[in-house]
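Let me begin by presenting the structure, written as structure tokens, before commenting on it.
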Amino acid sequence: ELDRVLNEAGTPIVHGDKVYVFSEEGFISDLPAYIHVLDKQTGKLLDKRELPHDISGTPVIIDNTLFVPAKNLYALNAETFEVQWVFEANGMGTPNISGNRLVVHAIPTGQSIRSAMYCLDVGTGNIIWKLDTGFDTIWSPVIVENVVFGIYEEASSFPFANGRPFAVTLSDGKQLWFRDDVRIDNSPVYANGRLFFHGHDINRTDTDNKVGLMGMNANTGEVLWLNTAFRYGSQLTPLVVAQNGVFGPSYYRGE
């Protein structure tokens, strides 16, 4: 029941026979943010540990290490909560891990309006490479084999995301492609060699068919199709890709 006054924050994580639930700071009390560890079968509280900040992305567990984005990024032992390393920042998104590399989008320490994509060593938290990603919107990078798909935020005077998709190598951050003429509104989903997201194909001449749900060739950044039936669904998060289609919430206003 999260102490009766705390709100659950973000996605619960299931690991082995335990469920990790994260709460935000109490808004009617002085209780801090917590990690609650529950028995998966019964829901019984097994452990509870205080967090230094509210979580700011979805935590990830790999090989019994719990990576918690909470302003900074904390690598904790998932059983004892011993701190293995801390990567300090002024804001932290959801990490994605492949092998011994962790990629995450963050706002650097001492910064308030710029963001960066970091590739870190999973075991130490040391920086392997870093890319400037524009203004301070925090996206969720996607890793597929040796490729990282990210978003560069150009920002605008409107209260909407103004991201530009790109692909770089996981090994050294070398740019593979960058689309300055495609605006992306939410972090992409990868499946079957394609990226799926809601966005705006800026160079299309037909203004009524420039915005909607998009499918993009992940190898080249080429827009393969754009479904304008979902032009008003700018917050199509989350998207789920299955064998028979792409699914997600939308303000559908078709016939």
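Each reported figure results from applying straightforward, stated rules to the coordinates on display, with no laboratory input. Owing to the predicted nature of the structure, the values given are computational and were not obtained by experimental measurement. Virtual Cβ from ideal backbone geometry, glycine too; neighbours counted across all protein chains shown.
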>> At a 10 angstrom cut-off on C-beta neighbours, averaged per residue, how do the peptides 121-132, 213-224 rank from highest to lowest?
In response: 213-224, 121-132
>> Could you give the length gained by full extension between residue 30 and residue 45, i.e. 0.36 nm per residue of separation minus their alpha carbon distance, to one decimal place?
In response: 3.3 nm
> Using mean Cβ contacts within 10 Å as the protection proxy, how do 6-18, 142-154 order, highest first?
Replying inline: 142-154, 6-18
> Using alpha-carbon positions, what is the distance between the centroids of the range 106-142 and the range 1-68, in Å?
Replying inline: 24 Å
>> I'd like to know which of 86, 186, 215 lies farthest towards the positive end of the charge dipole of the chain, counting +1 on Cβ of Lys and Arg and -1 on Cβ of Asp and Glu.
In response: 215
> Considering only DSSP states other than H, G, I, E and B, which trypsin sites (Lys or Arg not before Pro) in the range 168-219 qualify as loop sites with at most 15 other Cβ atoms within 10 Å?
Replying inline: 174, 204
> Around residue 222, what is the net charge, scoring Lys/Arg as +1 and Asp/Glu as -1 over all other residues with Cβ under 15 Å from its Cβ?
Replying inline: +1
> Just how many pairs of Lys in the chain have C-alpha atoms closer than 14 Å, counting pairs that are eight or more places apart or on different chains?
Replying inline: 4
>> Please give the charge dipole size of the range 81-139, origin at the Cα centre, charges +1 on K and R Cβ atoms and -1 on D and E Cβ atoms. Round to the nearest 20 debye.
In response: 140 debye
>> Using the Cα centre of the chain as the reference point, and only Cβ charges (+1 on K/R, -1 on D/E), how large is the resulting charge dipole? Debye, rounded to the nearest 20.
In response: 480 debye
>> When only alpha-carbon atoms are used, what values of Rg and Dmax, in angstrom, describe the chain?
In response: 19.3, 59
> Out of the range 34-116, which GluC sites (Glu not before Pro) are coil in DSSP terms and have no more than 14 other C-beta atoms within 10 Å?
Replying inline: 79, 82, 88
